[in-house]
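Structure first, then comments.
The values are calculated or read from the model by the stated rules, or taken from the named source; none is laboratory data. Source: prediction; values computed, not measured. Note that each Cβ is placed from the backbone with ideal geometry, even for glycine, and that neighbours are counted across all protein chains shown. Side chains included, ligands, DNA and RNA excluded: accessible areas come from the protein's heavy atoms. Shrake-Rupley method; radii C 1.70, N 1.55, O 1.52, S 1.80 Å.
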Amino acid sequence: MNTFFCADHSRQVGEDIIGSATNYQTYILVECPQPWLSDPFNSKWVPENLRVLEKEVKQNKLPIKFLLISNNRSHKVDSTTLIIYDKKEGFDNGYQKHEFQLSNIEQVAPVVRKWLRNGILNHESQTTVTRDILVCTHGSHDVCCARYGNPFYHQATNTISDLGFDNIRVWKSSHFGGHRFAPTAIDLPEGRYYGMLDVESFKSILTRTGDINCLDKVYRGWGILPTAIQVLERELMREVGWDWFNYKVQGRIIEPSAEKNMIQAELTVEKPDSSSLTYQAHLVNYSTKNLNLKGSCYTKKEIVCNKYVVANLSLVEKKLVTCTT
(Lines give C-alpha, C1' and ligand atoms only; values in the text may rest on other atoms or scores of the structure.)
Protein backbone atom coordinates (compact mmCIF):
# COMPACT_ATOMS: atom_id res chain seq x y z
CA MET A 1 0.00 0.00 0.00
CA ASN A 2 1.46 3.34 -1.06
CA THR A 3 1.35 6.08 1.58
CA PHE A 4 0.27 9.51 0.34
CA PHE A 5 2.23 12.50 1.65
CA CYS A 6 0.59 15.85 0.85
CA ALA A 7 3.87 17.78 1.16
CA ASP A 8 5.59 15.52 -1.35
CA HIS A 9 2.74 15.97 -3.81
CA SER A 10 2.79 19.78 -3.46
CA ARG A 11 6.49 19.79 -4.25
CA GLN A 12 6.07 17.43 -7.20
CA VAL A 13 3.50 19.65 -8.91
CA GLY A 14 5.54 22.81 -8.17
CA GLU A 15 2.89 24.63 -6.16
CA ASP A 16 3.59 28.32 -5.48
CA ILE A 17 2.96 28.63 -1.74
CA ILE A 18 2.47 32.42 -1.55
CA GLY A 19 -0.91 33.62 -0.27
CA SER A 20 -1.33 30.84 2.29
CA ALA A 21 -0.56 32.79 5.48
CA THR A 22 -3.59 33.08 7.74
CA ASN A 23 -4.66 36.51 8.95
CA TYR A 24 -5.34 36.69 12.71
CA GLN A 25 -5.72 39.61 15.08
CA THR A 26 -4.26 37.68 18.02
CA TYR A 27 -2.16 34.59 18.68
CA ILE A 28 -2.39 32.96 22.11
CA LEU A 29 0.48 30.54 22.65
CA VAL A 30 0.23 28.13 25.57
CA GLU A 31 3.16 25.98 26.65
CA CYS A 32 1.89 22.43 27.03
CA PRO A 33 3.90 19.18 27.04
CA GLN A 34 3.33 16.70 24.24
CA PRO A 35 1.79 14.39 23.09
CA TRP A 36 -1.07 16.32 21.51
CA LEU A 37 -4.18 14.78 20.00
CA SER A 38 -5.38 15.67 16.51
CA ASP A 39 -7.63 18.26 18.20
CA PRO A 40 -4.86 19.61 20.45
CA PHE A 41 -7.12 21.16 23.06
CA ASN A 42 -8.55 17.73 23.86
CA SER A 43 -5.07 16.57 24.85
CA LYS A 44 -4.27 15.09 28.25
CA TRP A 45 -2.51 18.12 29.76
CA VAL A 46 -5.05 20.75 28.64
CA PRO A 47 -7.35 21.69 31.57
CA GLU A 48 -11.10 21.95 31.14
CA ASN A 49 -11.23 25.73 31.67
CA LEU A 50 -8.80 26.28 28.78
CA ARG A 51 -10.64 23.78 26.58
CA VAL A 52 -13.91 25.67 27.18
CA LEU A 53 -12.32 29.06 26.43
CA GLU A 54 -10.77 27.91 23.16
CA LYS A 55 -14.12 26.44 22.08
CA GLU A 56 -15.94 29.71 22.92
CA VAL A 57 -13.51 31.71 20.79
CA LYS A 58 -14.06 29.35 17.85
CA GLN A 59 -17.84 29.40 18.19
CA ASN A 60 -17.87 33.21 18.26
CA LYS A 61 -15.59 33.27 15.19
CA LEU A 62 -13.16 35.69 16.81
CA PRO A 63 -9.92 36.43 14.89
CA ILE A 64 -7.88 34.69 17.57
CA LYS A 65 -5.67 31.63 17.14
CA PHE A 66 -4.89 29.42 20.12
CA LEU A 67 -1.79 27.27 19.70
CA LEU A 68 -0.05 24.80 21.96
CA ILE A 69 3.73 25.15 22.03
CA SER A 70 6.54 23.19 23.63
CA ASN A 71 10.28 22.76 23.51
CA ASN A 72 12.72 20.16 24.74
CA ARG A 73 12.40 21.47 28.31
CA SER A 74 8.63 21.87 28.58
CA HIS A 75 8.02 18.51 30.30
CA LYS A 76 10.66 19.31 32.95
CA VAL A 77 9.84 22.89 33.97
CA ASP A 78 7.59 23.73 36.92
CA SER A 79 5.92 26.72 35.24
CA THR A 80 3.86 27.46 32.12
CA THR A 81 4.79 30.09 29.54
CA LEU A 82 1.87 32.06 28.08
CA ILE A 83 2.59 34.39 25.16
CA ILE A 84 0.01 36.69 23.58
CA TYR A 85 0.81 38.36 20.27
CA ASP A 86 -1.69 41.09 19.34
CA LYS A 87 -1.93 43.19 16.17
CA LYS A 88 -2.63 46.88 16.46
CA GLU A 89 -4.68 48.88 13.99
CA GLY A 90 -3.07 50.99 11.28
CA PHE A 91 0.48 50.79 9.98
CA ASP A 92 2.52 48.05 11.54
CA ASN A 93 5.24 45.51 10.84
CA GLY A 94 3.96 42.77 13.13
CA TYR A 95 2.50 42.04 16.53
CA GLN A 96 3.04 43.26 20.07
CA LYS A 97 4.14 40.61 22.55
CA HIS A 98 2.84 40.02 26.09
CA GLU A 99 4.53 37.19 27.97
CA PHE A 100 3.64 35.60 31.30
CA GLN A 101 5.20 32.93 33.48
CA LEU A 102 2.39 31.12 35.31
CA SER A 103 2.78 28.50 38.02
CA ASN A 104 0.61 26.00 36.12
CA ILE A 105 -1.45 25.63 32.93
CA GLU A 106 -4.74 25.91 34.89
CA GLN A 107 -3.99 29.64 35.32
CA VAL A 108 -3.88 30.29 31.58
CA ALA A 109 -7.64 30.57 30.96
CA PRO A 110 -8.35 33.14 33.74
CA VAL A 111 -5.40 35.28 32.64
CA VAL A 112 -6.45 35.17 28.98
CA ARG A 113 -10.09 35.97 29.84
CA LYS A 114 -8.96 39.01 31.80
CA TRP A 115 -6.71 40.12 28.95
CA LEU A 116 -9.50 39.70 26.37
CA ARG A 117 -11.77 41.88 28.51
CA ASN A 118 -9.46 44.88 28.89
CA GLY A 119 -6.20 44.16 27.07
CA ILE A 120 -4.17 45.03 30.15
CA LEU A 121 -2.42 42.79 32.66
CA ASN A 122 0.07 43.93 35.24
CA HIS A 123 2.28 40.89 35.75
CA GLU A 124 4.04 40.44 32.42
CA SER A 125 7.40 38.68 32.51
CA GLN A 126 10.60 40.40 31.48
CA THR A 127 12.50 38.55 28.77
CA THR A 128 15.42 39.20 26.44
CA VAL A 129 13.74 37.12 23.73
CA THR A 130 12.69 39.30 20.80
CA ARG A 131 11.68 36.57 18.34
CA ASP A 132 9.64 33.37 18.60
CA ILE A 133 9.69 30.91 15.71
CA LEU A 134 6.95 28.28 15.71
CA VAL A 135 7.54 25.07 13.77
CA CYS A 136 4.51 22.83 13.28
CA THR A 137 5.34 19.30 14.49
CA HIS A 138 1.72 18.23 14.98
CA GLY A 139 1.94 14.74 13.53
CA SER A 140 -1.35 13.51 14.98
CA HIS A 141 -3.08 16.19 12.88
CA ASP A 142 -1.13 15.50 9.70
CA VAL A 143 1.69 13.03 9.20
CA CYS A 144 3.79 15.48 7.11
CA CYS A 145 4.07 17.83 10.08
CA ALA A 146 5.87 15.06 11.97
CA ARG A 147 7.74 13.67 8.96
CA TYR A 148 9.20 17.06 8.04
CA GLY A 149 8.44 19.31 11.02
CA ASN A 150 10.22 17.33 13.74
CA PRO A 151 13.57 17.05 11.94
CA PHE A 152 13.41 20.72 10.95
CA TYR A 153 12.69 21.77 14.55
CA HIS A 154 15.98 20.18 15.62
CA GLN A 155 17.82 21.69 12.64
CA ALA A 156 16.39 25.13 13.45
CA THR A 157 17.41 24.83 17.10
CA ASN A 158 20.95 23.87 16.13
CA THR A 159 21.17 26.61 13.49
CA ILE A 160 20.19 29.32 15.97
CA SER A 161 22.76 27.99 18.43
CA ASP A 162 25.48 27.82 15.76
CA LEU A 163 24.77 31.41 14.68
CA GLY A 164 24.97 32.60 18.28
CA PHE A 165 21.48 34.08 18.52
CA ASP A 166 20.44 34.26 22.18
CA ASN A 167 17.30 36.35 21.58
CA ILE A 168 15.46 33.81 19.38
CA ARG A 169 13.42 30.83 20.60
CA VAL A 170 12.17 27.93 18.52
CA TRP A 171 8.99 26.17 19.61
CA LYS A 172 7.24 23.02 18.48
CA SER A 173 3.70 24.09 17.66
CA SER A 174 0.28 22.60 17.12
CA HIS A 175 -1.36 22.97 13.71
CA PHE A 176 -1.62 26.45 12.13
CA GLY A 177 -2.47 25.45 8.55
CA GLY A 178 -0.55 24.44 5.48
CA HIS A 179 0.26 20.76 6.13
CA ARG A 180 1.29 20.35 2.53
CA PHE A 181 4.01 22.97 2.95
CA ALA A 182 5.80 21.11 5.76
CA PRO A 183 8.12 21.97 7.33
CA THR A 184 6.19 25.16 7.95
CA ALA A 185 6.84 27.96 10.42
CA ILE A 186 5.57 31.30 11.75
CA ASP A 187 8.14 33.98 12.58
CA LEU A 188 6.80 36.18 15.38
CA PRO A 189 6.43 39.07 16.18
CA GLU A 190 6.48 39.79 12.42
CA GLY A 191 3.83 37.17 11.69
CA ARG A 192 5.44 35.97 8.45
CA TYR A 193 4.69 32.38 7.38
CA TYR A 194 7.19 30.07 5.69
CA GLY A 195 7.01 26.56 4.26
CA MET A 196 9.14 23.90 2.57
CA LEU A 197 12.01 25.20 4.66
CA ASP A 198 15.58 23.97 4.67
CA VAL A 199 18.63 25.06 6.64
CA GLU A 200 19.99 27.44 4.00
CA SER A 201 16.73 29.34 3.49
CA PHE A 202 16.25 29.44 7.26
CA LYS A 203 19.68 31.04 7.73
CA SER A 204 18.78 33.75 5.21
CA ILE A 205 15.49 34.40 7.04
CA LEU A 206 17.29 34.66 10.38
CA THR A 207 20.07 36.93 9.17
CA ARG A 208 18.27 38.74 6.32
CA THR A 209 21.21 38.15 4.04
CA GLY A 210 21.78 36.40 0.72
CA ASP A 211 19.66 36.50 -2.40
CA ILE A 212 16.17 37.75 -1.55
CA ASN A 213 14.81 35.51 -4.31
CA CYS A 214 15.57 32.49 -2.12
CA LEU A 215 12.25 33.31 -0.44
CA ASP A 216 10.28 32.58 -3.62
CA LYS A 217 10.03 28.88 -2.79
CA VAL A 218 9.57 29.18 1.00
CA TYR A 219 7.58 32.39 1.66
CA ARG A 220 3.90 31.76 2.38
CA GLY A 221 3.05 35.39 3.08
CA TRP A 222 2.73 38.02 5.78
CA GLY A 223 -0.07 37.14 8.19
CA ILE A 224 -0.92 40.78 9.00
CA LEU A 225 -2.22 41.17 5.44
CA PRO A 226 -5.32 39.69 3.78
CA THR A 227 -4.34 36.52 1.91
CA ALA A 228 -5.22 38.00 -1.48
CA ILE A 229 -2.70 40.83 -1.05
CA GLN A 230 0.19 38.63 0.05
CA VAL A 231 1.34 38.01 -3.53
CA LEU A 232 1.59 41.79 -4.04
CA GLU A 233 3.67 42.14 -0.88
CA ARG A 234 6.07 39.47 -2.15
CA GLU A 235 6.44 41.30 -5.46
CA LEU A 236 7.44 44.52 -3.68
CA MET A 237 9.78 42.58 -1.39
CA ARG A 238 11.62 41.28 -4.45
CA GLU A 239 12.09 44.83 -5.74
CA VAL A 240 13.26 46.39 -2.47
CA GLY A 241 15.32 43.54 -1.02
CA TRP A 242 15.95 42.83 2.65
CA ASP A 243 15.32 46.47 3.62
CA TRP A 244 11.65 45.64 3.02
CA PHE A 245 11.62 43.88 6.39
CA ASN A 246 12.06 47.28 8.09
CA TYR A 247 8.91 48.72 6.50
CA LYS A 248 5.44 48.99 8.02
CA VAL A 249 2.45 48.22 5.81
CA GLN A 250 -1.29 48.56 5.45
CA GLY A 251 -3.20 46.76 2.71
CA ARG A 252 -6.73 46.72 1.40
CA ILE A 253 -8.76 45.21 -1.41
CA ILE A 254 -10.20 48.06 -3.47
CA GLU A 255 -12.47 46.00 -5.65
CA PRO A 256 -12.84 42.29 -6.43
CA SER A 257 -14.34 41.35 -9.78
CA ALA A 258 -17.70 39.58 -9.77
CA GLU A 259 -16.15 36.37 -11.13
CA LYS A 260 -13.25 36.59 -8.63
CA ASN A 261 -10.78 36.26 -11.47
CA MET A 262 -9.22 39.65 -10.74
CA ILE A 263 -8.75 41.76 -7.61
CA GLN A 264 -7.72 45.40 -7.44
CA ALA A 265 -5.46 45.76 -4.41
CA GLU A 266 -3.62 48.56 -2.66
CA LEU A 267 -0.60 48.38 -0.37
CA THR A 268 0.79 51.40 1.48
CA VAL A 269 4.22 51.15 3.05
CA GLU A 270 5.83 53.37 5.65
CA LYS A 271 9.61 53.47 5.60
CA PRO A 272 11.84 53.96 8.67
CA ASP A 273 12.22 57.67 7.80
CA SER A 274 8.40 57.98 8.02
CA SER A 275 7.99 58.62 4.29
CA SER A 276 5.32 56.51 2.64
CA LEU A 277 4.58 54.93 -0.71
CA THR A 278 1.23 53.65 -1.98
CA TYR A 279 1.07 50.97 -4.66
CA GLN A 280 -1.88 49.59 -6.58
CA ALA A 281 -2.06 46.49 -8.73
CA HIS A 282 -4.42 44.02 -10.34
CA LEU A 283 -4.15 40.51 -8.93
CA VAL A 284 -5.14 38.19 -11.74
CA ASN A 285 -6.29 34.60 -11.25
CA TYR A 286 -3.73 32.78 -13.35
CA SER A 287 -5.71 29.73 -14.46
CA THR A 288 -2.69 27.73 -15.62
CA LYS A 289 -1.24 27.96 -12.11
CA ASN A 290 -4.44 26.85 -10.35
CA LEU A 291 -4.17 23.34 -8.91
CA ASN A 292 -6.42 20.62 -7.57
CA LEU A 293 -4.66 19.31 -4.47
CA LYS A 294 -5.34 17.35 -1.33
CA GLY A 295 -4.92 19.72 1.59
CA SER A 296 -3.70 17.02 3.96
CA CYS A 297 -2.43 13.47 4.01
CA TYR A 298 -5.67 12.02 5.35
CA THR A 299 -8.32 13.61 3.16
CA LYS A 300 -9.70 12.06 -0.01
CA LYS A 301 -11.24 15.30 -1.21
CA GLU A 302 -9.27 17.63 -3.44
CA ILE A 303 -9.43 21.40 -3.07
CA VAL A 304 -9.01 24.01 -5.78
CA CYS A 305 -6.00 26.19 -5.05
CA ASN A 306 -6.46 29.51 -6.84
CA LYS A 307 -3.21 31.29 -7.65
CA TYR A 308 -2.82 34.98 -8.47
CA VAL A 309 -0.15 36.97 -10.28
CA VAL A 310 0.55 40.69 -10.06
CA ALA A 311 -0.33 42.83 -13.09
CA ASN A 312 -0.32 46.60 -13.71
CA LEU A 313 1.71 47.39 -10.59
CA SER A 314 2.05 51.15 -10.18
CA LEU A 315 3.18 53.69 -7.60
CA VAL A 316 0.16 55.96 -7.10
CA GLU A 317 1.29 58.15 -4.22
CA LYS A 318 4.54 59.16 -2.57
CA LYS A 319 4.73 61.19 0.62
CA LEU A 320 8.04 62.55 1.84
CA VAL A 321 8.98 63.60 5.34
CA THR A 322 8.60 67.34 5.77
CA CYS A 323 10.98 69.02 8.19
CA THR A 324 10.02 72.19 10.02
CA THR A 325 12.46 74.57 11.60
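Side notes on the structure shown:
- Pairing residues of region 249-266 that are at positive phi and open to solvent by 70 Å² or more (accessible area, probe 1.4 Å) with residues that are part of a strand (DSSP E or B) and at pLDDT 80 or above, at Cβ distances under 9 Å and at least 6 apart in sequence or on separate chains, gives Lys260/Asn285.
- Any chance Ile69 is out of contact with any Ser or Thr (no Cβ under 9 Å at 6 or more places or on another chain), in a strand (DSSP E or B) and surrounded by 13 or more Cβ atoms within 10 Å (Cβ to Cβ): no
- Each residue in region 177-196 was checked for being of a type in the set (Lys, Arg) and either in a strand (DSSP E or B) or surrounded by fewer than 22 Cβ atoms within 10 Å (Cβ to Cβ) (or both), and 1 of them qualify.
- Picking from residues in region 223-241 that are in contact (Cβ under 8 Å) with a residue 60 or more places away in the chain and among the charged types (D, E, K, R), the one that is farthest from Phe91 (Cα to Cα) is Glu235.
- Among (1) under 17 Å from the mean Cα position of the chain (by Cα); (2) surrounded by fewer than 21 Cβ atoms within 10 Å (Cβ to Cβ), the one test that Pro35 misses: (1)
- Among the residues of this structure, Tyr27 does not count as one that is of a type in the set (Ser, Thr, Tyr), in contact with a Pro (Cβ under 9 Å, 6 or more places away or on another chain), closer than 30 Å to Arg147 by Cβ and surrounded by 14 or more Cβ atoms within 10 Å (Cβ to Cβ).
- Ser10 of a type in the set (Ser, Thr, Tyr), assigned to a helix (DSSP H, G or I), touching a residue at least 12 places away in the same chain (Cβ under 8 Å) and within 26 Å of Glu233 (Cβ to Cβ): yes
- Hey, Asn213 within 25 Å of Gly178 (Cα to Cα), open to solvent by 60 Å² or more (accessible area, probe 1.4 Å) and touching a strand residue (DSSP E or B) at 6+ places or on another chain (Cβ under 8 Å) or not: no
- Test for Trp244: is it under 24 Å from Gln25 (Cα atoms), without any contact (Cβ under 8 Å) to a residue 60 or more places away in the chain and open to solvent by less than 50 Å² (accessible area, probe 1.4 Å): yes
- Filter result for the condition that a residue is open to solvent by less than 70 Å² (accessible area, probe 1.4 Å), more than 21 Å from the chain's Cα centre (by Cα), among the hydroxyl-bearing types (Ser, Thr, Tyr) and modelled with pLDDT of 90 or more, over Ser20, Ser43: Ser43
- Among the candidates Val199, Val143, residue that is surrounded by fewer than 19 Cβ atoms within 10 Å (Cβ to Cβ) and either touching a helix residue (DSSP H, G or I) at 6+ places or on another chain (Cβ under 9 Å) or of a type in the set (A, V, I, L, M) (or both): Val199
- Residue ID - surrounded by the fewest Cβ atoms within 10 Å (Cβ to Cβ), chosen from residues in region 120-138 that are within 20 Å of Gln155 (Cα to Cα) and touching a Phe, Trp or Tyr at 6+ places or on another chain (Cβ under 9 Å): Arg131
- On inspection, Ile64 passes the criterion of being open to solvent by less than 70 Å² (accessible area, probe 1.4 Å), closer than 29 Å to Glu233 by Cα, at pLDDT 95 or above and not hydroxyl-bearing (Ser, Thr, Tyr).
- Residue list for region 82-131, filter: of a type outside the set (S, T, N, Q) and assigned to a helix (DSSP H, G or I): Ile105, Glu106, Val108, Ala109, Pro110, Val111, Val112, Arg113, Lys114, Trp115, Leu116, Arg117
- Check on Leu134, in a strand (DSSP E or B) and on the phi < 0 side of the Ramachandran plot: yes
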